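Trainee: Have a look at this one.
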Amino acid sequence: MSIAKKLTRACSAALLLAALGGCAAPTPWVKPYEREHLADPIMSFNRDPVSSVYLEHVLETREGAHGATGAVGGGCGCN
Amino acid sequence: MQLSGAPRPAPARAGQLFTPFTRTLLALLVITVPALGGVLPEDRADVLWHDYDGGDITVSGPEVLVRKKVGDNLSLSAGYYEDMISSASIDVKLSASPYHEVRKQENAGFDFLHGKTTYSAGYIHSREPDYIADTTYYSVSQDMFGDLTTVTMGYRRGWDSIFRDIKTPDGVIENDPTFHERADHHGYSLSISQVLTRNLIANLNYELLTDQGYLANPYRKIRYLSPGMGMGFTLADQVYPNTRTSNAASVQLKYYLPWRAALTAQYRFYRDTWGVVANTTELDYTLPAWRHWIFEGSLRWYEQTHATFYSDLFPRADYQNFMARDRELAAFHTYTIGAGASYQFNVPYAPWINRSTANVRVDHLLVEYSDFRDALLAGEFGAGNEPLYKLNANIFQIFLSIWF
């Protein structure tokens, strides 16, 4: 068997295992009735989008880094 | 119509494309995906007024955001944002003229829920006298593993048109007819939100961004040493690379404390092909009190290295291929300290409003540059010996939110 075929088989087997893993998803270790604290509005990462997007826009226009904040802002020539 | 040329290859039959093993694998994947899965965002409306004051720049204006479900599976959103800018910043004083302008931005989007999958898309249009930007974004979000995990993949695309304003001999400000540039942006993101314990949730975000086109600020200048002339330096146009690729990765952890309060810790690492490496760290504390109030406080620290082609003062004209003096590309660190309060109240005679809050937030931003000097003081200290520049800014927000 050529190396390419072996590699294809190995990748296919890995994908198959991943798919089967999806079928047999792990039992949730935090049950729905245990999520009272997580459901509290203070636990939201973005409780007030209108405010967080604005603040991020202010900082992004003054800093060199951007991205990976989970929000999408429009482009502008703001500096 | 094909008139001549090589004969078309015979179309392959589906059965010949894949081996039986691969076909089984694909079938399993197709069966598995729909079994995985979301909740649409709440219906709400926000009206905000923002105000920024720092570095001889004031920016203020309104922002409105409305989100409404249509049926059980579709949520629509629309927003409007405005910046009224009055600028006499250090850059403007050095190489341009103080100005007033208005930037307006509209956005619209939707979220469509199918099973545990949420499809989102939207469009953002921003325009100011010398800059027009259009952005579209798309994402797919999947809840899985008993809703403990949410995976989101996103893509965004931006098209910018850049102009340069000039003042005519009559004193009228208009676009320079000889200057019209473009910039394109692509962004690819992957986010994983994971419930870790009954009190702890984590977010992992990664984003790859590519920018191509005119990426400089057309008004800002570099300066190079000119001993014996004027203030000891001469201004010249910036020369930027036409491409930039950025990688950003972040982790956010949110923890519900033993009393009703939440602590958030965030870290982001950023690196791009211009040589900018940045670290961002933030801590937030949220505390509900007295039944109707929620208070929050935040501390944010940011640092970055300068771009490889950045210099505050180049030794001579045409010193290198690319030259920049945009202070966003300098080495600096920033501190941001913020506090906010939210008061929940009932709106009389409006039973359709489920909940409403009045909110205020104040942030103070301090930027300390390591290699960006106050060139306006060159006459007093000599070019290259001016004090390092510092920026202090106050950021104020007041907004009303209603859920309906």
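Trainee: Give the residue that is farthest from the other protein chains (Cβ to nearest Cβ), with candidates limited to residues of the stretch A:38-49 that are assigned to a helix (DSSP H, G or I) and over 21 Å from A:CYS76 (Cβ atoms). Lay out the reasoning, then the answer.
Mentor: First pass over the stretch A:38-49, keeping only residues assigned to a helix (DSSP H, G or I): A:41-43, A:49.
Narrowing further to those that are over 21 Å from A:CYS76 (Cβ atoms): A:41-43.
Values: A:PRO41: 8, A:ILE42: 5, A:MET43: 5 Å.
Step by step, filter the stretch A:38-49, then rank; the result is A:PRO41.
Trainee: Would you check which residues across the stretch A:50-79 are in a helix (DSSP H, G or I), more than 7 Å from chain B (Cβ to nearest Cβ) and either β-branched (Val, Ile, Thr) or within 17 Å of B:ASN359 (Cβ to Cβ) (or both) and list them?
Mentor: Within the stretch A:50-79, A:SER52, A:VAL53, A:GLU56 meet the criteria.
Trainee: Of the residues B:ASP176, B:ASP160, which is in a strand (DSSP E or B) and within 7 Å of chain A (Cβ to nearest Cβ)?
Mentor: B:ASP160
Trainee: Still on this structure, please answer the following. Taking into account only those residues within the stretch B:237-250 that are in contact with a strand residue (DSSP E or B) (Cβ under 7 Å, 6 or more places away or on another chain) and surrounded by 16 or more Cβ atoms within 10 Å (Cβ to Cβ), which is nearest to B:TYR319 (Cα to Cα)?
Mentor: B:GLN238
Trainee: Quick check on my filter: what residues within the stretch B:120-135 are of a type in the set (Ser, Thr, Tyr) and surrounded by fewer than 16 Cβ atoms within 10 Å (Cβ to Cβ)?
Mentor: Answer for the stretch B:120-135, where residues must be of a type in the set (Ser, Thr, Tyr) and surrounded by fewer than 16 Cβ atoms within 10 Å (Cβ to Cβ): just B:TYR123.
Trainee: Mind listing just one residue for me: the one in the stretch B:65-91 that is over 23 Å from the mean Cα position of the chain (by Cα) and within 30 Å of B:ASP326 (Cα to Cα) and, of those, surrounded by the most Cβ atoms within 10 Å (Cβ to Cβ)?
Mentor: The qualifying residue surrounded by the most Cβ atoms within 10 Å (Cβ to Cβ) is B:ILE90.
Trainee: Check every one of the strands (runs of 3 or more DSSP E) wholly within the stretch B:197-273 and list those with 3 or more residues that are within 13 Å of another protein chain (Cβ to nearest Cβ) and either acidic (Asp, Glu) or within 26 Å of A:ALA65 (Cα to Cα) (or both).
Mentor: Output list reads B:200-213, B:243-256, B:262-272.
Trainee: For the stretch B:200-233, give me the residue count where each residue is polar (S, T, N, Q), surrounded by fewer than 19 Cβ atoms within 10 Å (Cβ to Cβ) and modelled with pLDDT of 95 or more.
Mentor: Qualifying residue count, the stretch B:200-233: 2.
Trainee: Still on this structure, please answer the following. Among the residues of the stretch B:46-63, is there at least one that is in contact with a strand residue (DSSP E or B) (Cβ under 7 Å, 6 or more places away or on another chain), closer than 23 Å to A:ALA39 by Cβ and either in a loop (DSSP other than H, G, I, E, B) or at pLDDT below 95 (or both)?
Mentor: no
Trainee: Surrounded by 20 or more Cβ atoms within 10 Å (Cβ to Cβ) and outside any strand (DSSP E or B): does that describe B:ALA350?
Mentor: So B:ALA350 fails the test.
The values are calculated or read from the model by the stated rules, or taken from the named source; none is laboratory data. If you're wondering where the values come from, they're calculated on a predicted model, not measured in any experiment. A quick note on method: Cβ atoms are made from the backbone with ideal geometry, for glycine too, and the neighbour counts reach across all protein chains shown.
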